[in-house]
Amino acid sequence: MPALPDPVSERLAQRLAQAQRTSRLPSVVAGLVRDGELVWQGAAGQVDGRPPDARTQYRIGSITKTLVGMSVLRLAEQGRVDLDDRVTDHVPDAPVGRATVLQLLAQAAGLRAETAGPWWERAPGGDWDDLLGRLEQPTAPLGAGRRHHYSNVGYAVLGRLLELAHGCRWDEVLAKDWFGPLGLADTTVRPRPPFAPGLAVHPFADAVLAEPEHDAGAMAPAGQLWMTLPDLARWAAFLGGDGDGLLSPDTLDAARRPVSIDDRPGQPWTSAYGLGVQVFADAKGRRSFGHGGSMPGFLALLRVDADTRDAVVVATNTTAGLDLELSRDLLALLHEHAPKPAPAWEPGGVDRAALALAGIWYWGPTPVSVTATGDGRLEMKPVQGPARASRFVRQDDGTWLGLDGYYAGEVLRVRYDDEAEVNHLDLASFVFTRTPYDPGAGVPGGVDPDGWR
């Protein structure tokens, strides 16, 4: 493990110890990930009379959903599932109405959050048929695609989809997709020694109560897995982009973009859902992604900074009370006292076709700059005032496809004159010219023959 400077590690350890003390956590472990490596890990409190270590397992709760979601995306990459398919195309008896696979992944299927009872997080679960019998009707009261609504039931359905697609248990699918290839040797569906016992801390007394441990059965894909800190850190590195080719960068990027927003009237949004991944925004708009985890006796958090791809992971064995500022503070201490070095600029492999388009263009009278980046793409930005910004990637037919912003999914076509020189750009029917309203560029509607005056 690459080491941080001692003063930084000491500050991090002090902050973790403070959180354990003030939040009355029986035990807590935390780690920081940079460039795919666990660069710091710390522990406070005790498990069975000694500090937890790298072999101690914790239940990660709903972080399990990220592994389930990524396995569904693997099916989509393999062409075995289309995200726009109805869920019932793959799980015929799923009581999800007209919901699509994408809506289920994005917590936008309108499903109920929980089963009708008993409290599935504290009671052993049965098989799929048993779960169907415990779902309260209607199962999808909010209607598919109408709003964000977090649903544990939805991820039980996705676990069933994985089982039917692969012909084996959902956790065996995850083992094949992730545990083996990523070296998650200490990730299991039930605990193995040494593990932290699940505890509830009395709100008004320094006393603890043991929480039950069980197999949630068909509901297990919503929050069953146990992990060690190093395994949780490795999974954070994967979600941050260290994918080992197991998922394409484009798929990972799509998973980390907001699809459904947890909208709260009168407040800016701070939480959204991508495809199997939560997306967070702070008061200044800085983004991070990952997931939280909560089961009786356990809390966990995985969060990746969207700008630096540095990640923080935290796990504790208490039902309630983890200070959410802990994860933010650990990342902030890392960024303040051990900032990630900015990479040196180097000339890149600029596409000649992209180079011919670089410079200033005008949408009517509005100037935009087009930059040919070292990764062979184009980047359009405003020069002054508001204007639409997007990035573009070259297609085999010579067109450019918008990747983000207003022009995401739109096609940019280069138009040439009789001498085969670039004349103007045609982007989603808008004409961009080298001078404002160039009369020689065939601007729709024509250009006043009297010109500018």
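Bear in mind that the values in this text are calculations on the coordinates, not laboratory data. Remember, it's a predicted structure, so these values are computed and weren't measured experimentally. As a convention, Cβ positions derive from the backbone with ideal geometry for all residues, glycine included, and neighbour counts pool all protein chains shown.
A few comments on the model shown:
- Extension gain (nm, one decimal) between Asp396 and Ala205, 0.36 nm per residue minus Cα-Cα: 62.0 nm
- For region 109-117, backbone phi angles converted through the Karplus equation (6.51, -1.76, 1.60; θ = phi - 60°) give residue-by-residue couplings of 8, x, 7, 4, 5, 10, 6, 6, x Hz, Gly and Pro being listed as x.
- Among the chymotrypsin sites (Phe, Trp or Tyr not before Pro) within region 258-325, not one is in coil by DSSP while having at most 12 neighbouring Cβ atoms inside 10 Å.
- Normalising by residue count, region 6-337 has a Cα convex hull of 134 Å³ per residue.
- Rounded to the nearest 500, the 222 nm mean residue ellipticity of the chain from helices alone is -6500 deg cm²/dmol, with -39,500 (n - 2.57) taken per DSSP H run of at least 4 residues.
- Percentage relative contact order, the chain, counting C-alpha pairs under 8 Å, at least six apart: 16 percent
- Region 89-164: chymotrypsin sites (Phe, Trp or Tyr not before Pro) falling in loop per DSSP and having at most 14 other Cβ within 10 Å: Trp119
- Protection-proxy order for peptides 242-248, 195-201, 68-74, each taking the mean of Cβ atoms within 10 Å per residue, highest first: 68-74, 195-201, 242-248
- Reachable lysines from Lys381, criterion Cα separation under 28 angstrom, eight or more residues apart if same chain: Lys284, Lys340
- Each residue of region 202-218 is assigned a 3J(HN,Hα), and the resulting list reads 4, x, 10, 8, 7, 9, 10, 10, 5, 9, x, 10, 7, 9, 7, x, 5 Hz, derived from the Karplus form 6.51 cos²θ - 1.76 cosθ + 1.60 (θ = phi - 60°), x at Gly and Pro.
- Charge tally for Gly110 (other residues, Cβ to Cβ under 13 Å; Lys, Arg +1; Asp, Glu -1): +4.
- Summed side-chain charge close to Pro197 - residues other than Pro197 whose Cβ falls under 11 Å, Lys, Arg +1, Asp, Glu -1: -2
- Rg and Dmax of region 1-104, based on Cα coordinates, read 20.7, 57 Å.
- The separation of region 335-362 from region 236-288, counted between C-alpha centres, amounts to 24 Å.
- For region 327-401, fraction of C-alpha pairs farther apart than 18 Å, in %: 56 percent
- Region 126-198: trypsin sites (Lys or Arg not before Pro) in DSSP loop, at most 12 other beta carbons within 10 Å: Arg146
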